[in-house]
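Report on one structure; see the data block that follows.
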Amino acid sequence: MTSAGYSNFIESRRLLEKSSLSLAGGISSHVRRASKPFPLFFRSAAGSHVTDVDGNTFIDYSLAWGPLILGHSHPSVVGSIVDQVQRLDLVGAQHELEMQVAEKICQMVPCADLVAFSNSGSEAVQVALRVARAFTQRTKIIRFEGHYHGWLEEMLIGYRPNQLFETIQGNDLTPSFKGYDSRICVLPWNDLSRLEDALKKHSSEVAAIITEPILCNCNCLMPLPGYLEGMRDLATRYGVILIFDEVITGFRVARGGAQDVLRVTPDLAVFGKAVAGGFPLSVVAGKREFMELIATGSVLHAGTFNGNPMSLAAADATLSVLDADSGAAFQRIRQTGERLMRGIRDRASEAAIPILVNGVGGAFHVAFTKETATHNYRETLVCDLRARDKFIESMLSVGIYLLPDGRWYVSAVHGEADLEITLEAVQSVVESYRDELMADR
Ligand code: PLP
């Protein structure tokens, strides 16, 4: 920490102003715009810590929006990348690491008979939708409110619907995208009867149902007991492809992703973020009968950087670390995260501040609300975003870097000391700003 404390962001502000003269908005992804007090500039990072250009060092629970499952610059990942860049940088052709990583993923992920690589989660989603449409010869896709499946056109429809959202949450991360596309059918999540009704009426046109198995992009909501199992049964009954978007949950919540923990196997799944521990790689994985369409070339799947050796070297190292000792890293992540979740709840409760902590150890969310449970996007609209923003900004001022939407990511290298410092920080923030953090005040 600088002697002036964590509130000194002078150099970040100067750089943001300068950068904005040549880089649109001074940022490279829309969601970073929402950072409070404004998008900061960082100079270095190691393990669970990041250091900004003003010399402030923070414990990092943003993990670059999820990928850094082994923390920053994990020695195995760095070693693998350095070695790879010296041997084979990029070929635009085949190399053995592709197979090595593909085999690992097929061993780890229940639905994975075959995989295909691309670079971002948004792209992988498009590949999965294309496979589903080609296989079923149908065009409609069922998706759910509040789920994020990348920033490409048709998948933004229904992400954050309704006027209410725009009025109440105008300052949130979300572009007010009011699109319409007759191929996209948007439903509330965690409501099996609505899904069944839609399938009864439209199943002959529906190619796929796509869902985040744990709704990390909306307060880390959990599926209700039986919901995903019911969705699985309905998809099978109506001949619709079930796609799990595991871009966040994959290689984060368990060895085989959310499908492994929740014991529901989709037809196809997409992965990104954590799979390469901080390098750009995404994966479509699925049952052979569907993936054969890519294998035979019936469905086009292309990309200059697909399967690039750098990302695969990072993935190879990341997956080896994660899979060692029967997946001990996942247990560590889950335990650290669960202790944080409990600790945050306890400190808020001692200060009589109503909060709702949802999710699992590796990815959870802290909402400010008197509600004791929320199950879908619309129910989360009552949460107090001013209190959330105050909390996040106050945590920054005591050395804890969080994502602007209230989500926390935990890595395999967040340790005991981080946990202690973080919970002390939570305590000092809830005590110092009690009035401002009171939900629905
Ligand atoms: N799917 C989910 C669940 C995501 O959270 C994201 C990104 O946050 C994506 C897809 C898109 O991934 P990318 O940003 O790599 O394109």
Would you mind calculating the relative contact order of the chain from Cα pairs under 8 angstrom and at least 6 residues apart, reporting the percent as a whole number? 22 percent
Counting other C-beta atoms within 10 Å, and keeping those with at most 15, which DSSP coil trypsin sites (Lys or Arg not before Pro) do you find in the range 330-381? Lys370
How many angstrom lie between the Cα centre of the range 208-267 and the Cα centre of the range 99-128? 16 Å
So if each residue of separation counts as 0.36 nm, and I subtract the Cα-Cα distance between Arg183 and Ser76, what length gain in nm does that give? 34.1 nm
Using Cα positions and a limit of under 19 Å, work out the aspartates and glutamates in reach of Lys18, with same-chain residues fewer than 8 apart set aside. Asp52, Asp54
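Please compute the length gained on full extension between Asp233 and Ser320, using 0.36 nm multiplied by the number of residues separating them and subtracting their Cα-Cα distance. Walk me through the intermediate numbers first.
On the way: separation 87, 0.36 × 87 = 31.32 nm, distance 3.39 nm.
Gain in length upon complete extension: 27.9 nm.
Could you calculate the FRET efficiency of Gln86 with Ala373 from 1/(1 + (r/R0)^6), where r is the beta carbon distance between them and R0 is 30 Å, rounded to 0.05?
Numbers: r = 53 Å, r/R0 = 1.76.
Computed FRET efficiency for Gln86 and Ala373 comes out at 0.05.
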For the pair Glu96/Ser193, report the inter-label distance in nm, with labels modelled 7 Å from Cα in the Cβ direction. 5.9 nm
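What net charge is computed for the residues neighbouring Arg183, neighbours being all others with C-beta under 14 Å from the C-beta of Arg183, Lys and Arg scored +1, Asp and Glu -1?
On the way: positive: Arg130, Arg133, Arg138, Lys140, Arg143; negative: Glu153, Glu154, Asp181, Glu205.
With Lys, Arg at +1 and Asp, Glu at -1, the neighbours total +1.
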Taking a cut-off of 12 Å between Cα atoms, list the aspartates and glutamates near Lys287, but don't count ones fewer than 8 places away on the same chain. Asp113, Asp267
List the aspartates and glutamates whose Cα sits under 16 Å from the Cα of Lys140, skipping any in the same chain fewer than 8 residues away. Glu153, Glu154, Asp181, Glu196, Asp197, Glu205
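Carbon-plus-sulfur fraction of the accessible area of the range 202-313, 1.4 Å probe, in percent?
Details: 1900 of 3420 Å².
Carbon-and-sulfur percentage of accessible area, whole number: 55.
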Which of the helices in the chain meet the span-like rule: DSSP H, Cα axial reach of 30 Å or more, Kyte-Doolittle mean at least -0.5? 309-350
Given 25 °C and 0.890 mPa s, how large is the Stokes-Einstein diffusion coefficient of the chain in µm²/s, with Rh as the Kirkwood radius over Cα pairs? 109 µm²/s
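What FRET efficiency would be calculated for the residue pair Arg345, Trp65, taking the C-beta separation as r and a Förster radius of 22 Å, to the nearest 0.05? Let's see the in-between values first.
Working: r = 24 Å, r/R0 = 1.09.
Calculated value: 0.35.
Please compute the length gained on full extension between Leu300 and Arg386, using 0.36 nm multiplied by the number of residues separating them and subtracting their Cα-Cα distance.
On the way: separation 86, 0.36 × 86 = 30.96 nm, distance 4.54 nm.
The Leu300-Arg386 span can extend by a further 26.4 nm.
Counting pairs of alpha carbon atoms under 8 Å apart in space and at least six apart in sequence, what relative contact order in percent does the range 218-336 give?
Values: 134 pairs, mean separation 25.5, N = 119.
This gives 21 percent for the range 218-336.
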In whole percent, what relative contact order does the range 294-441 give with Cα contacts below 8 Å and a gap of six or more residues? 25 percent
222 nm [θ] for the chain, helices only, -39500 (n - 2.57) per DSSP H run of 4+, per residue, to 500? -12500 deg cm²/dmol
Between Glu11 and Ser428, what is the spin-label point distance in nm, taking each point 7 Å from the Cα along the Cα→C-beta axis? 2.2 nm
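The values are calculated or read from the model by the stated rules, or taken from the named source; none is laboratory data. The model shown is predicted, which means the values in this text are computed figures rather than measured ones. All Cβ positions, even for glycine, are placed from backbone atoms using ideal geometry, and neighbour counts span all protein chains on display. The area values use the complete protein model at the heavy-atom level, side chains included, leaving out ligands, DNA and RNA. Shrake-Rupley method; radii C 1.70, N 1.55, O 1.52, S 1.80 Å.
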